[in-house]
Structures are given as structure tokens and as C-alpha cells.
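Step one of this worksheet: look at the structure below.
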Amino acid sequence: MKSAVYDTLTVEVIADGQVHQYLLRASGSKIRFQGYLIVYEEAKDEDQKDADENNVAIPVDEIEEGQRQNLKELLYKQHFTQPPPRFTEASLIQLLEENGIGRPSTYAPTISTIQARGYVVREGKRLFPTEIGFLVNDLIIEYFPTIVDIGFTSGMEEKFDEVAAGNLEWVDVIRNFYTPFQKCLEVAERDMPEKKAELEKVGRACPKCDHELVIRWGRYGKFISCSNFPDCRYTEAWLEKIGVVCPICKEGDVVERRTRKGRVFYGCSRYPDCDFTSWKRPIPEVCPSCKGALVIANKREAKCLNCDETFLLESVQKDKE
């Protein structure tokens, strides 16, 4: 299908002050031809949605080059340089697509593998690297720099496509890869140090052997284990409190849990005595209408679990203050 066509306009206004000259700039765009967007639109994460909402509607017909502008209002805002946002699953897949890494059939296994091996954890919609993720990444980059590279991965996939098309011999492709790789492998086997991630201590003793309890990472996220493993195999679940009292029993705390597939949900710490659960994150504030429990519906709204009404998060939190 044909690509979408956008009209993009950037307006620059020179403002002469008493001492300095300022450049004011605004940009806006609108769709001229929908193309494939008439039947298909890619999902967007929160950062892309915010960028779209900040898109300025510029009155194209009312603007001419060189015309003078009247200052109606001056708004002072201070902006600080922000680091790039953490990857979401959607933005990570988008980066893989842009760099020609993988195929649509490999995106889901890639996302699940880095989480299953404990290299990253998902908190909300964001992916956060773990200590073991940093450790493995640093070692691999140091000893296999030519392989942990965007150009290598996309280039190798292009060569495989040429092999499938009959334009290259697969033996030659593998030989050209493996000869330098074997040398890196020999160096790594000889020089790569054995490192272990520093385990975070819980501050309690193991009830079985009195050794220190530590936090470990498993395929389902954090859990508490004995530091004397494998001699002692005591474990217990890690309960991540979010600062909210259970809305049902009023005794337990709402904690963050994970399903076997790694999806985050929220439940009462007194389970199975209390069976409160929610896919949405509860907040301490209560519903202004019925005093029921509120959960985060999206970035700007909260929803009541009792009456299903929605409220602006900002207004609910201001009311509490």
C-alpha cells in the first residue's frame, strides 16, 4: 500500500529584545494523503503519544514569510535535559526494525528471552536492566566486540538472505564468520574472569540454617533465597509493597506479583486468606464519589474499581493534599 503523505510546516520568529535576540520556533504537521493509515495504524507507546499531543496546529493560510507578529503573552518555562526514556517492548521492537535486526517471527522470542534470563525486568511498561544484565553485557562487549554490534547482526541476516536466494555459498559465509570468532572464543576461554552479581541482602537469617537471606532473580522475577545455596534450598516469595492498604480486607498490603509468563499484577499480601487482585496498579487515593479503591487506568486517569468512574490523576491527588 502507498505511504502516507504529511504536510509539515516550521515557523521561526525572530524576537529582538533590549539586550539579546531570540529565536522562537514551532512545528506542526497534518496528513495530506492517508495511504495505508486508512486501514492500519501502528501501536504507539506513551512517549510517542505525548509527542503527538504536543504537535502544534499552525494556521497555514494565515501565515506569510516576513510578516510581523504581535506579542500577546509570554510564558516562562524552564526545561532540563532529560535522559532517553527506558525502552518499552514496543520501542525496542521498533529499534530492531529500524536497524534490520531479526524478523517479525523473532521479535517475541527476543523480548521473552531477555526477561526469562533475568537480563531485564519489566516495571509497568518499561524494561529495566538488572545487575546480571549489565555484567553479561560488559563481558560480551569486551571479549566479542565485533559480534555484539548492530551492523554485524543486520549484515549477517542479509548474507543469509543471499544464501537463500542462491547468490552465496553458505559454507563460505560460515567460514568467514567462524575463523575470527574462534580466535575471540579462545581468548575469552583463557582470559574472561568468572564474575558473580553482588546479591542484595534482605536483613534476615534463613529459618533453616541461619545463613543470610539474599534476593535472587529467577524466570518469574525476584525471590528470596538462602545465601548458602545449593546446600540450603530455602526460598520464599518476594513481596514488593506499593504503599497501598488492601481495599477488601483492610489488613494486608497490596503487593506486586508476576504470573508465570512474567505479566505484572497486584494482589493482597494475605493471599490466600484475601483474594484481592488487579491488573491495574492501585493508588492510595480513594474515589471522590463512592470512596472505593482507585487504580491507574492510563498515564492521566484513575478508575474506580467500585463504580467504574474515571478521574484525572492530577485532580484526585490534589484533592487529597
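What follows draws every value from the coordinates through simple rules; no lab data is involved. Because the structure is a prediction, the values reported are computed rather than measured. Cβ placement follows ideal geometry from the backbone for every residue including glycine, while neighbour counts extend to all protein chains displayed.
Using unit Cβ charges (K, R positive; D, E negative) and no other charged atoms, how large, in debye to the nearest 20, is the dipole of the range 151-230 about its Cα centre?
On the way: 12 positive and 14 negative charges, 147 e Å.
That gives a dipole near 700 debye.
Taking the number of other C-beta atoms within 10 Å as the exposure measure, put V121, V39 in order starting with the fewest.
Details: V121 19, V39 8.
Listing V121, V39 from fewest to most nearby Cβ atoms yields V39, V121.
Restricting the calculation to Cα positions, tell me the Rg (one decimal) and the Dmax (whole number) of the chain in Å.
Just the Cα atoms of the chain yield Rg and Dmax of 27.1, 81 Å.
Can you find, among C304, S27, F177, the residue sitting farthest towards the positive end of the charge dipole of the chain, where Lys and Arg contribute +1 and Asp and Glu -1 at Cβ?
After comparing all options, I get C304.
Please report, in whole Å³, the volume per residue of the convex hull around the C-alpha atoms of the range 248-320. Please report the intermediate quantities before stating the final value.
Working: hull volume 6.7 nm³, N = 73.
Measuring per residue, one finds 92 Å³ for the Cα hull of the range 248-320.
Summing -39500 (n - 2.57) over the DSSP H runs of n ≥ 4 in the chain and dividing by its residue number, what mean residue ellipticity at 222 nm do you reach, to the nearest 500 deg cm²/dmol? Walk me through the numbers on the way to the answer.
Working: 7 runs with 89 residues, N = 321.
Calculated at 222 nm, the ellipticity per residue is -8500 deg cm²/dmol.
Given a Förster distance of 25 angstrom, what is the FRET efficiency for E212 paired with F134, based on the Cβ-Cβ distance and rounded to 0.05?
Details: r = 23 Å, r/R0 = 0.92.
Taking R0 as 25 Å, the efficiency between E212 and F134 is 0.60.
State, to one decimal in nm², a quarter of the convex hull surface area for the C-alpha atoms of the range 198-258, i.e. the direction-averaged projected area. Walk me through the numbers on the way to the answer.
On the way: hull surface 20.8 nm².
In nm², the orientation-averaged hull projection of the range 198-258 is 5.2.
Ignoring solvent entirely, what values of log10 I(q)/I(0) come out of the Debye formula for the range 226-277 at 0.29 Å⁻¹ when each Cα is a single scatterer?
Summing over Cα pairs of the range 226-277 leads to -1.05.
What shape does the range 89-191 have by the C-alpha gyration tensor, where a ≥ b ≥ c are the square roots of the eigenvalues, rounded means a/c under 1.5, and otherwise prolate means a/b greater than b/c and oblate the rest? Before the final figure, lay out each step's value.
Numbers: a/c = 2.84, a/b = 1.26, b/c = 2.25.
Oblate shape, in that a/c is at least 1.5 and b/c is the bigger or equal ratio.
Work from the charge dipole of the chain (Cβ charges, +1 for Lys and Arg, -1 for Asp and Glu, about the Cα centre) and give the residue of S105, G17, L239 farthest towards its positive end.
After comparing all options, I get L239.
Please order M156, M1 by the number of other Cβ within 10 Å, starting at the fewest. Present the calculation step by step, with values, prior to reporting the outcome.
Numbers: M156 14, M1 10.
Listing M156, M1 from fewest to most nearby Cβ atoms yields M1, M156.
Explain nothing, just the number: dipole magnitude of the range 83-149 about its Cα centre with +1 on each Lys and Arg Cβ and -1 on each Asp and Glu Cβ, in debye rounded to the nearest 20. Present the calculation step by step, with values, prior to reporting the outcome.
On the way: 6 positive and 8 negative charges, 61 e Å.
Dipole of the range 83-149, to the nearest 20 debye: 300 debye.
Can you sort R257, R263 from fewest to most other Cβ atoms within 10 Å of each residue's own Cβ? Numbers along the way, then the final one.
Numbers: R257 20, R263 10.
Listed from fewest to most nearby Cβ atoms, that is R263, R257.
Under 26 Å between alpha carbons, and skipping anything fewer than 8 positions from K72 in its own chain: which lysines qualify?
The qualifying lysines are K30.
Quick one: putting +1 on the C-beta of Lys and Arg, -1 on the C-beta of Asp and Glu, what dipole do you get for the chain around its Cα centre, in Debye to the nearest 20?
Details: 44 positive and 53 negative charges, 270 e Å.
With Lys and Arg at +1 and Asp and Glu at -1, about 1300 debye.
Considering only Y22, Y36, Y119, give the residue with the highest GNM mean-square fluctuation for the chain, with springs between Cα atoms whenever their separation is below 10 Å.
Y22
Just going by the charge dipole of the range 90-151, with Lys and Arg at +1 and Asp and Glu at -1 on Cβ, which of V136, Q94, I147 is farthest out on the positive end?
With unit charges placed on the Cβ atoms, the residue in question is Q94.
Given just the C-alpha atoms of the range 130-182, how large is their convex hull per residue in cubic angstrom? Mind showing how you got there, number by number?
Working: hull volume 4.5 nm³, N = 53.
Cα-based convex hull of the range 130-182, divided per residue, equals 85 Å³.
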